[in-house]
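Any read-out appearing in this document is the output of simple, stated calculations on the displayed coordinates, not a laboratory observation. The model shown is predicted, which means the values in this text are computed figures rather than measured ones. Cβ placement follows ideal geometry from the backbone for every residue including glycine, while neighbour counts extend to all protein chains displayed.
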Amino acid sequence: MGYRKLSKETQKDHLPLLFNDQMLDRLAGKTFYCFLDGYSRYNQIAVAPIDQENITFTCPYGTFAFRRMPFGLCNAPATFQRFKMIIFLDMVDKFLEVFMDNFSVFGNTLKVV
């Protein structure tokens, strides 16, 4: 699905993201680190019923509206990043970094804080 027309009309969410080198600097000197990839990232976030009409699509089987955020919306990455930052707020910068759909877990011990 192409959402170019919708993206043109959408107010952009300019959430600042970490640069890769900033994230890698936080891993420097750590004994352990692990990179994890988020699964079905955008499909975890509900779309408000009032906004579902804007992301309908038609195919040979009918007309459908997404109830979960589909891939391709201009603000999807920032929305997902913001949700992850809120969910993991007490862990970020201590032993976890979140970047888009990726997680970096790091530390000098395997002990959970």
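Return a yes/no flag: does the range 37-49 have any residue that is under 19 Å from Phe106 (Cα atoms), under 13 Å from the mean Cα position of the chain (by Cα) and loosely packed, with under 13 Cβ neighbours inside 10 Å. There is at least one residue in the range 37-49 that is under 19 Å from Phe106 (Cα atoms), under 13 Å from the mean Cα position of the chain (by Cα) and loosely packed, with under 13 Cβ neighbours inside 10 Å. If you filter the range 57-112 down to residues that are of a type in the set (A, V, I, L, M) and touching a strand residue (DSSP E or B) at 6+ places or on another chain (Cβ under 8 Å), you find that the one that is farthest from Phe19 (Cα to Cα) is Ala65. Between Thr79, Thr109, Thr63, the distinction of being over 13 Å from the mean Cα position of the chain (by Cα) and closer than 24 Å to Met1 by Cβ belongs to Thr63 only.
Scanning the range 100-113 for residues that are in contact (Cβ under 8 Å) with a residue 60 or more places away in the chain, in contact with a Lys or Arg (Cβ under 9 Å, 6 or more places away or on another chain) and not hydroxyl-bearing (Ser, Thr, Tyr) yields Met100, Asp101, Phe103, Phe106, Gly107, Asn108. Only one of the numbered conditions (1) under 18 Å from Leu6 (Cβ atoms); (2) touching a Lys or Arg at 6+ places or on another chain (Cβ under 9 Å) is violated by Pro70, and that is (2). Of all the numbered requirements in (1) outside any loop (DSSP other than H, G, I, E, B); (2) under 18 Å from the mean Cα position of the chain (by Cα); (3) of a type in the set (A, V, I, L, M), Leu17 misses one, and that requirement is (1). For the range 1-55, the set of residues classified as in contact with a Lys or Arg (Cβ under 8 Å, 6 or more places away or on another chain) and on the phi > 0 side of the Ramachandran plot is empty.
Scan the range 62-99 residue by residue and report those that are in a loop (DSSP other than H, G, I, E, B), under 18 Å from Pro49 (Cα atoms) and without any contact (Cβ under 8 Å) to a residue 24 or more places away in the chain. Scanning the range 62-99 gives Phe66, Arg67.
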